[in-house]
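The structure appears right after this line, and notes come after that.
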Amino acid sequence: MINCLANSKALIFALSLGVVTAALAYIFYLKGIDTGIDLSLVGVLASVELVISSVLGWTILSEDFSFIKLFGVCLMMVSAYIATKSSSDESVQDEYETAC
């Protein structure tokens, strides 16, 4: 790891990857809050950042991707799906009640 830090190109690449992904996550998080989406839903969807970083670490940096990590990624994706599905069901029900 120390050898990688000595290489300035690798260091710049690693820092830019971290800054870009973190900045994009916060930008989309704030954009979601601005649009009026439930804060609980925005929080769950923001956790998808962890899934993306795990997959990027596995593919780009050749990190170990164990069964436990795969299980955690699957749990996060299922929770994000359930949160978005229940939120859309509530909004449809609210629209129906408003129309009647």
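Taking residues in segment 52-79 that are closer than 17 Å to residue 20 by Cβ, and partners anywhere that are of a type in the set (Val, Ile, Thr), the pairs with Cβ atoms closer than 7 Å and at least 6 places apart or on different chains are 53/21; 54/73. Looking across segment 46-66, the residues that are under 16 Å from residue 14 (Cα atoms), of a type in the set (S, T, N, Q) and either part of a helix (DSSP H, G or I) or within 14 Å of the chain's Cα centre (by Cα) (or both) come down to 53, 54, 59.
Screening the candidates 22, 10 for the property of being within 18 Å of the chain's Cα centre (by Cα) and surrounded by 10 or more Cβ atoms within 10 Å (Cβ to Cβ) yields one hit, 22. Every listed requirement among (1) under 10 Å from the mean Cα position of the chain (by Cα); (2) more than 24 Å from residue 30 (Cβ to Cβ); (3) of a type in the set (Gly, Ala, Ser) is met by residue 43 save one, (2).
Quick grid of which residues meet (1) modelled with pLDDT of 85 or more; (2) surrounded by 11 or more Cβ atoms within 10 Å (Cβ to Cβ):
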{"position": "44", "(1), (2)": "no, yes"}
{"position": "59", "(1), (2)": "yes, no"}
{"position": "63", "(1), (2)": "no, yes"}
{"position": "73", "(1), (2)": "yes, yes"}
{"position": "77", "(1), (2)": "yes, yes"}
{"position": "85", "(1), (2)": "no, no"}
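The values are calculated or read from the model by the stated rules, or taken from the named source; none is laboratory data. No experiment lies behind these values; they were computed from the predicted model shown. All Cβ positions, glycine included, derive from the backbone under ideal geometry; neighbour counts span all protein chains shown.
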